[in-house]
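Undergrad: Below: one structure in structure tokens.
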Ligand SMILES: Cc1ncc(COP(=O)(O)O)c(C=O)c1O
């Protein structure tokens, strides 16, 4: 089916992270027939337990969560679309602003990247300025990719190196300027270069690790001094460490925060929340879409928030992430395989080391697949992962780490692969 897709769909998929080449070219199951809990069934009826990126980080509760699905089914039965508005969006705005006492208002869209585009539009409308300082990955829209117009590698080190700005108008060059995480001076350089024209500072408050002491406070001070709008992208970090943004734990509030992914447990919903003085500027611009008014998205989000009220989902995600990190550490010390482990606990990363790291990573995925696991260099925890699942994953990891270590010692890792090495980052499919 993926061969057909590559003929009919440019790039084969709608999302870079779902391209099979990113995991195991020619060997990754690629398509699913059903998904429930952490179990994914492919089109040939093979089942796998998902210890990879859990619906690209969207399904924190697990696949086809019964409470969320029942709420959505009820919304469908009551009519998911109408000429009138869905009341769920008002209730959701109330819930999210209650969870974030610094925020007064909310707008909703359906995807993460478009929500970031809305946040940046609001910031530019409110400040009547143009330049955006940016750190990290924030989607595919022109405002963001234009950073790569200035210098081909401007976004390198911002999660996805090599993103090509083809199709982004040259005239946007210089409007979005990258700064480095934990490096306030790199932000100060942008401030000195753009004078009074800094509209927004856009960043994830934390992604791979917690910020250095004083970094977020330093960024907040610069936003206060310059009048730029501080936008925290919580699309991936949000609703994993606590019920809301990770910034609530880190103790620094933005002017706007953006949520998606976990908020809908896989149903499309994204939220832009912020201080009213800034959010009101949405009325000075034109920000409006039919698809943002349907009922399923906000209904799913309310059901997710209800699940967080019933049990401490973030505590479970953190514990599961810590256990999986420990599995990797233990398997590495048993087998002597050289790996490092990083990432926030619920968004854990396994890094194979050495010159043939990418080959090792590919072999890991191939062998784990043979043992019934979707697995790669990242593990995104879901509340549906059980202790038993983790124990079985640990057994498989020990076996596979041993196999990779022994292949590495004889220089035969590539020979063990049944197909090509996985792609890393952005690569055009020819
Ligand atoms: C931090 C961050 N911002 C923005 C996005 C884009 O969101 P979406 O893929 O829903 O457009 C992502 C997606 O991975 C993300 O991790």
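Undergrad: Using only the alpha-carbon atoms of the chain, report the extent along each of the three principal axes, biggest first, to the nearest angstrom.
TA: For the chain, the Cα extents along the three principal axes come out at 62, 53, 45 Å.
Undergrad: Kindly state, to the nearest 0.05, the FRET efficiency for residue 91 paired with residue 395, given R0 = 35 Å and r defined as their beta-carbon distance.
TA: Using R0 = 35 Å, I get an efficiency of 0.20.
Undergrad: Then there is this: Report the relative contact order of the stretch 354-420, percent, no decimals, based on alpha-carbon pairs under 8 angstrom and at least 6 residues apart. Working shown, then result.
TA: Numbers: 34 pairs, mean separation 28.9, N = 67.
Relative contact order comes out at 43 percent.
Undergrad: Output the relative contact order of the stretch 81-310, whole-number percent, from Cα pairs under 8 angstrom with separation of 6+ residues.
TA: Working: 422 pairs, mean separation 65.7, N = 230.
Value for the stretch 81-310: 29 percent.
Undergrad: Rounded, prolate or oblate, given the Cα gyration tensor of the stretch 122-212, with a/c below 1.5 counting as rounded?
TA: Numbers: a/c = 1.56, a/b = 1.07, b/c = 1.46.
Oblate shape, in that a/c is at least 1.5 and b/c is the bigger or equal ratio.
Undergrad: For each of 168, 4, 313, count neighbouring Cβ atoms within 10 Å of the residue's Cβ, then give the residues from fewest to most.
TA: Fewest-to-most ranking of 168, 4, 313: 4, 168, 313.
Undergrad: Right, something else. Give me the extension gain from residue 15 to residue 142: residue separation times 0.36 nm, minus the current Cα-Cα distance, reported in nm with one decimal.
TA: Residue separation times 0.36 nm, minus the Cα-Cα distance, leaves 44.0 nm.
Undergrad: Normalised by the number of residues in the chain, what is the relative contact order in percent for Cα pairs under 8 Å and 6+ residues apart?
TA: It rounds to 22 percent for the chain.
Undergrad: Roughly what % of DSSP beta bridges within the chain run antiparallel, to the nearest 5? Spell out each step's value before the answer.
TA: Details: 24 of 42 bridges.
Antiparallel bridges: around 55 percent, rounded to the nearest 5.
Undergrad: Could you work out how much longer the chain between residue 189 and residue 388 gets when fully extended? Use 0.36 nm per residue separation minus the Cα distance between them, nm to one decimal.
TA: Working it through step by step, the gained length comes to 66.6 nm.
Undergrad: Let me know the whole percent of all Cα-Cα pairs from the stretch 81-310 that are separated by more than 29 Å. Numbers along the way, then the final one.
TA: Numbers: 6049 of 26335 pairs.
Of all Cα-Cα pairs in the stretch 81-310, 23 percent lie more than 29 Å apart.
Undergrad: How would 247, 141 line up from fewest to most surrounding beta-carbon atoms within 10 angstrom? Can you show the working numbers first?
TA: Details: 247 25, 141 16.
By the 10 Å Cβ count, ascending, the order reads 141, 247.
Undergrad: Between residue 69 and residue 83, what is the label-to-label distance in nm when each label sits 7 Å out along the Cα-to-Cβ direction?
TA: Calculated label separation equals 3.5 nm.
Undergrad: If you rank 414, 88 by fewest surrounding Cβ atoms within 10 Å, what's the result?
TA: Ranking 414, 88 by Cβ neighbours within 10 Å, fewest first, gives 414, 88.
Bear in mind that the values in this text are calculations on the coordinates, not laboratory data. Computed from a predicted structure; not experimentally measured. Ideal geometry is used to build each Cβ from the backbone, glycine not excepted, and the neighbour counts take in all protein chains shown.
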